[in-house]
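**Student:** Provided herewith is a single structure, encoded as structure tokens, for subsequent inquiry.
The values are calculated or read from the model by the stated rules, or taken from the named source; none is laboratory data. The shown structure was predicted, so the numbers you read here are calculated from the model rather than taken from an experiment. Because the Cβ atoms are built from the backbone with ideal geometry, glycine has one as well, and the counts that use them run over all protein chains shown. Keep in mind that these areas ignore ligands, DNA and RNA; they rest on the heavy atoms of the full protein, side chains included. Shrake-Rupley method; radii C 1.70, N 1.55, O 1.52, S 1.80 Å.
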Amino acid sequence: MKRLFLFFVLLFSALLPFATTALADQEPPPPRLGMLPLELIAPQEVSYLQEGIRTMLGSRLAAGGRAVLVDRGRLTRELAGLEQAPTELEEFAALGRQLEVDYLVGGVLTAVGGGLSLDINVYEVGSEGKAHGFFATAADEDEVIPQVDQLAREILDSLFAPAPGPTPAQAPAPITPETGQPSYVAPHPQRQLLESRAPRPSSSLIRPTTIDRLRGDFKSHDISLDLQAMETADVTGDGEMEVILAGRNRVEVYRRDQDRFVRMGTINTLSRYPIHYLSAADLNRNGRAEIYISAADLNRPNSLVIEWNGTDFVRTHDNLPWYLRAMRLPGEGMTLVGQQAGGGRFMVPGLHRLYPTADGGLEEEGRLSLPGRLNLFDFAYADLTGNGSDEIITVTQGERLEVLGAGGARLWRSSLHYGGTTRHLGGQEGLDDGPVPHEVEASKHYVPSRIVIRDVTNNGRPEVIITQNHPSLSRAVGRLRSYASGEIHALRWDGAGMQELWKTHEIEGYIADVQLGPDLAATDQDGQGWRGAELYVGVVTKAGGFGLFSSPTSAIHVYPVEYLENNE
């Protein structure tokens, strides 16, 4: 026995140098960057470029994993806490250490005649007194994007090492909050997806048949709830994903137990303020996602935030006069964004970054630069074209899907209807009050379906996943909306517009919301690696009527989806 023990000690001692060498040979982590606000020396009419160039430059510096951008909300709070903005190299270095970054990037945007000049300084945090200057000019606004591209390449080539390229044998990279994707992997969906690779009759989920490897869809038990919105997130911090459902005045949280949904908790809200949107994100960085509940009456919002305290769900912020949504912003990651009512209007233009404070309030952190017609729930960002700049994907009040360029110019508009729902802001409850133009209804704003952004083809560019509800009444009837069935569509950008990649079979009932679970990765029985996710579809199977014993019923449909390349 002693000889065996001695053998393992000697073996460990012999292998230790090799393990140390292997660790030393690992690629260093990418540098962390803080993108400071740009100083503007220009007329006010070009001020929109100030934030746009900052975001564009940051996204290009971080492209391909060459760098990681620090959370912009945190940077804004650190700057706000300073007595004055840093001007000396030592002050930039001190701010960088506070933010735990390797570099700070700032500069000045100047209007010169009819053109623009951009002076960028990159401050090395670990090397006080050292800064690197870069310069670009654009004769007009059309040259801004290519000049920012060139500037980013110069900075990357001068300061940063080449991005490490994964080899085919490598496992998929972990998904982290910096990438804007969930960092957890839910074990039970992964097991189900892996088992779904076994031969069995194909699910009817996907058409066309070029993507034919989806298996094992199932439906939850009936849930007595008039489903308005649905979200998925790890709200307990245990590494597993929960499903959050909202009725008009009730939020229920469920955990998955294989094919069963077990209710963990219920939160009742004020009946005067129906819920119209759910979002979740761990913005306070405590390992548990907060649930942001946006609710309103006919005139104004009254929203709240709830969080798991280890034993129950509790309100951390209540009676908030904001429409709320936690969403991904380009170059910033997940951020709380809000919109308000005022001046006799149930919704006024202007979206603002918000920060929940410890005293139960919200602190405003600046307005988003967006086309004025966009409201909080109408859109999402995605770099559909692969040019390093995010486009805006939006659903109009006429249920048309549009793709807008960074400056707001429309690149494409659908001929089909997408994203229709029955939930709305403002307006009058009750029966239809006569025909009105469908495209614009000033007294009522419908909250469109969630727009899900994810790369489901493994080609490095995201696709759009969205609902298409089929009306049970003619769209010409007026303000009353009713849907009898629907489908989920995945759309991809083909260079000229959005084209269908796949769609589900027709689902009976009204599709209230859709969400794609966290990315999953595994190796099948043949040793081949694959990636996928679970598609969650919240469906109202029976609407509440006027009968005494009639009550609304909803259900969750779950479709395991494997990401497959489609190069057509």
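**Student:** Could you grab me the full set of residues in region 392-407 that are among the acidic types (Asp, Glu) and out of contact with any Gly (no Cβ under 6 Å at 6 or more places or on another chain)?
**Tutor:** 402
**Student:** With open to solvent by 30 Å² or more (accessible area, probe 1.4 Å), closer than 24 Å to residue 346 by Cβ and either at pLDDT 95 or above or among the charged types (D, E, K, R) (or both) as the only criterion, which of 248, 255, 263 stands out?
**Tutor:** Result: 248 is the single residue among 248, 255, 263 that is open to solvent by 30 Å² or more (accessible area, probe 1.4 Å), closer than 24 Å to residue 346 by Cβ and either at pLDDT 95 or above or among the charged types (D, E, K, R) (or both).
**Student:** Would you mention how many residues in region 445-460 are within 12 Å of residue 380 (Cα to Cα) and not in a loop (DSSP other than H, G, I, E, B)?
**Tutor:** 3
**Student:** When you check residue 295 against the structure, is it aliphatic (A, V, I, L, M) and either surrounded by fewer than 22 Cβ atoms within 10 Å (Cβ to Cβ) or closer than 13 Å to residue 362 by Cβ (or both), yes or no?
**Tutor:** no
**Student:** May I ask you to list the residues in region 96-106 that are open to solvent by 50 Å² or more (accessible area, probe 1.4 Å) and not in a helix (DSSP H, G or I)?
**Tutor:** The answer is 100, 102.
**Student:** Quick check on my filter: what residues within region 58-95 are more than 14 Å from residue 37 (Cα to Cα) and in a helix (DSSP H, G or I)?
**Tutor:** 59, 60, 61, 62, 63, 64, 65, 89, 90, 91, 93, 94
**Student:** Another question, if that's okay. In region 411-428, which residue that is in a strand (DSSP E or B) and polar (S, T, N, Q) is farthest from residue 146 (Cα to Cα)? Outline the logic, then answer.
**Tutor:** Of region 411-428, the ones in a strand (DSSP E or B) are 411-417, 424-426.
Those left that are additionally polar (S, T, N, Q): 414-415.
Details: 414: 29, 415: 32 Å.
Across region 411-428, the extreme among qualifying residues is 415.
**Student:** Also, I was wondering about something else. Give me the pairs, please: first residue somewhere in region 332-343 and more than 18 Å from residue 302 (Cβ to Cβ), second residue anywhere and assigned to a strand (DSSP E or B) and of a type in the set (Gly, Ala, Ser), beta-carbon distance under 8 Å, and either six or more positions apart or on two chains.
**Tutor:** Close Cβ pairs satisfying both conditions: 334/281; 334/326; 335/326.
**Student:** Also, quick follow-up: Just for region 481-516: of the residues that are of a type in the set (S, T, N, Q) and either under 21 Å from residue 259 (Cα atoms) or over 22 Å from the mean Cα position of the chain (by Cα) (or both), which one is most open to solvent (accessible area, probe 1.4 Å)? Talk me through it step by step, then tell me what you get.
**Tutor:** Of region 481-516, the ones of a type in the set (S, T, N, Q) are 482, 485, 499, 504, 515.
Filter again for either under 21 Å from residue 259 (Cα atoms) or over 22 Å from the mean Cα position of the chain (by Cα) (or both), leaving 482, 485, 504, 515.
Numbers: 482: 42, 485: 8, 504: 0, 515: 26 Å².
Here the residue is 482.
**Student:** Scan 154, 128 and give me the residue that is in contact with a helix residue (DSSP H, G or I) (Cβ under 9 Å, 6 or more places away or on another chain) and either modelled with pLDDT under 80 or open to solvent by 50 Å² or more (accessible area, probe 1.4 Å) (or both).
**Tutor:** 128
**Student:** Here's something else I'd like to know. Looking only at region 136-151, filter to residues that are of a type in the set (A, V, I, L, M) and open to solvent by 60 Å² or more (accessible area, probe 1.4 Å); which one of those is farthest from residue 48 (Cα to Cα)?
**Tutor:** 139
**Student:** Quick one: residue 519 ticks every box in (1) farther than 23 Å from residue 448 by Cα; (2) over 25 Å from the mean Cα position of the chain (by Cα); (3) modelled with pLDDT of 85 or more bar one, so which box is it?
**Tutor:** So residue 519 meets the others, but not (2).
**Student:** In region 12-34, is there at least one residue being touching a Phe, Trp or Tyr at 6+ places or on another chain (Cβ under 7 Å), modelled with pLDDT under 85 and open to solvent by less than 70 Å² (accessible area, probe 1.4 Å)?
**Tutor:** No, that holds for no residue.
**Student:** Right, another one. Please go through region 40-67 and give me each residue that is modelled with pLDDT of 85 or more and open to solvent by less than 30 Å² (accessible area, probe 1.4 Å), ordered by number.
**Tutor:** Correct list: 53, 54, 55, 56, 57, 58, 60, 61, 62, 67.
**Student:** While we're looking at this one, here's another question. Of the residues in region 411-424, how many are surrounded by fewer than 16 Cβ atoms within 10 Å (Cβ to Cβ) and of a type in the set (Lys, Arg)?
**Tutor:** Summing the residues that are surrounded by fewer than 16 Cβ atoms within 10 Å (Cβ to Cβ) and of a type in the set (Lys, Arg) in region 411-424 gives 1.
**Student:** Limited to region 45-57, what total is found for residues that are in a helix (DSSP H, G or I) and either closer than 14 Å to residue 333 by Cα or touching a Leu at 6+ places or on another chain (Cβ under 9 Å) (or both)?
**Tutor:** Selection size over region 45-57: 9.
**Student:** Quick test for you: out of 205, 214, 283, pick the one residue that is outside any strand (DSSP E or B), more than 24 Å from residue 488 (Cα to Cα) and either aliphatic (A, V, I, L, M) or modelled with pLDDT of 95 or more (or both). Even if it seems obvious, please write down each step before you answer.
**Tutor:** Working: 205 fails: more than 24 Å from residue 488 (Cα to Cα); 214 fails: more than 24 Å from residue 488 (Cα to Cα).
None of the others qualify; the one that does is 283.
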